[in-house]
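The structure appears below as structure tokens.
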Amino acid sequence: MIPFVNLVGQRDAYRQELEKVEKEVLDSGCFIGGPQVKNLEKELSDYTGRSAITCGSGTDALTIALMTLDLRPGDEVIVPDFTFIAPAESVAFLGGIPKFADIDLKTLQIDPASVQGLVSEKTRGIIAVDLFGQCAPFEKLREIAQKHSLWIIEDAAQAFGATRVVAGQIQKACTFGDISITSFYPTKPLGCYGDGGALFVSDYQLEEKIRMIANHGSPGHYDHQILGMNSRLDALQAGILRVKLSHLDAELKIREENARKYDRFFLDVWNNTRGSDLQVTPQALDSRNFSTYAQYTLLAQNREAFIALLKQADVPFCIHYPETLQNQPCFRGLQQAPSPNAKKATQMAISLPVCAFTDVDQIISRLVRA
Ligand SMILES: Cc1ncc(COP(=O)(O)O)c(C=O)c1O
């Protein structure tokens with residue numbers, strides 16, 4: 001059975017390094033904070049060019065970011081309607097109102113025109129998700145944000161390591177938001193062996209406030225200036241992430257090669273040899289973007305028919321996401337204008353394995369025979 005994300009293959013590849021750091025941490029008696037966390041934050045900061053503050057998860061990172069930006073009950077925040085729930089959930093959790101923006105059906109990213117249409121007097125900011133590993137259209141989002149004095153939170157949970165060319169310069173994911181965040185959930189492009197996350201800022205005051213909020217609102221010990229929370233990455237996860245970070249760029253190259261193999265296969269072979277109901281369209285890559293390919297996503301003309309063939313070929317798949325956020329039961333009271341493209345994506349999108357330890361040639365040959 002081919003795994004959707006081959007974490008066992010990855011562990012086998014880095015076993016010696018991982019076991020060394022795991023033993024070091026367990027023998028050190030230092031499990032929370034300490035040198036592993038400090039060194040990881042330094043390395044994340046060197047990688048992105050921004051200060052990095054680790055925390056307990058990507059969801060915590062979003063919540064901490066919103067608390068840092070002083071989100072108040074009743075404030076509106078624009079989020080994509082087609083993504084994981086965490087951005088909308090963290091807004092609603094703090095009493096804010098998520099406003100659901102439609103997406104571009106080619107790139108599957110938040111649509112700036114839809115964002116513009118949702119701006120009201122109550123809007124405080126935008127959470128833009130780098131969906132499936134590809135940076136959101138930040139230039140246009142920033143124009144809207146500047147025009148209406150809004151902040152942007154970049155949700156790069158799926159995109160640590162991605163880049164986008166802006167004004168001729170390569171810019172890394174996690175540097176586009178006033179605050180950017182990522183997740184280290186195990187199946188993410190940079191994942192640990194439990195929960196974990198990080199925030200990225202270039203403003204020292206924001207960094208101090210984030211650190212305080214993540215530490216019960218206290219800048220040091222037992223000095224609680226504001227209400228905060230307990231959100232921290234443990235030393236074991238930090239050690240594991242340091243090993244994986246050192247291999248990340250090499251892995252991202254392989255993910256990219258895997259995605260190109262799929263593109264060539266589906267566009268040049270599959271679509272030319274299968275009937276109209278089995279036609280597929282890969283998520284379009286904006287030419288400015290280098291994607292982490294958190295997953296390889298297609299839009300299938302008839303998803304049920306495509307799934308039947310995947311099952312026949314024993315190829316694993318995931319459906320991200322089966323419903324728009326505004327149609328999730330927890331948001332039904334919000335009654336907002338529908339997002340037709342997001343709705344279509346929930347009916348057509350299907351994702352295939354693409355990680356650096358996935359044998360995409362094997363998957364393709366299974367599909368050829370199906
Ligand atoms: C876009 C997005 N944002 C936020 C999160 C939340 O991250 P975590 O699971 O680490 O809380 C995820 C996780 O899947 C995600 O995909």
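What the table shows:
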read-out: Helices (runs of 4 or more DSSP H) within the range 1-107 that include 3 or more residues in contact with a Leu (Cβ under 7 Å, 6 or more places away or on another chain); value: 35-48, 58-68, 86-93
read-out: Close pairs from the range 199-215: first within 16 Å of F176 (Cα to Cα), partner in a helix (DSSP H, G or I) and of a type in the set (A, V, I, L, M), Cβ under 8 Å, at least 6 apart; value: L199/A61; L199/I64; L199/A65; L199/I210; F200/L44; V201/I210
read-out: Residue match in the range 193-203 (condition: part of a loop (DSSP other than H, G, I, E, B) and either more than 15 Å from the ligand (Cβ to nearest atom) or modelled with pLDDT under 95 (or both)); value: yes
read-out: Some residue of the range 181-191 being open to solvent by less than 20 Å² (accessible area, probe 1.4 Å), assigned by TED's automatic domain parsing to the domain that holds R50 and of a type in the set (K, R); value: no
read-out: Candidate set from the range 120-156 (those that are in contact with a Pro (Cβ under 9 Å, 6 or more places away or on another chain) and outside any helix (DSSP H, G or I)); member that is farthest from the ligand (Cβ to nearest atom); value: P137
read-out: Count of the range 108-127 residues which are in contact with a Phe, Trp or Tyr (Cβ under 7 Å, 6 or more places away or on another chain) and within 19 Å of C174 (Cβ to Cβ); value: 1
read-out: Top-ranked residue in the range 163-177 [being touching a helix residue (DSSP H, G or I) at 6+ places or on another chain (Cβ under 7 Å) and surrounded by fewer than 24 Cβ atoms within 10 Å (Cβ to Cβ); ranked as farthest from G196 (Cα to Cα)]; value: V166
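The values are calculated or read from the model by the stated rules, or taken from the named source; none is laboratory data. Bear in mind that the values here come from a model prediction, so they are computed numbers and not experimental data. Neighbour counts run over all protein chains shown; Cβ positions are idealised from the backbone, glycine included. Side chains are part of the model used for accessible areas, which takes the heavy atoms of the whole protein and leaves out ligands, DNA and RNA. Shrake-Rupley method; radii C 1.70, N 1.55, O 1.52, S 1.80 Å.
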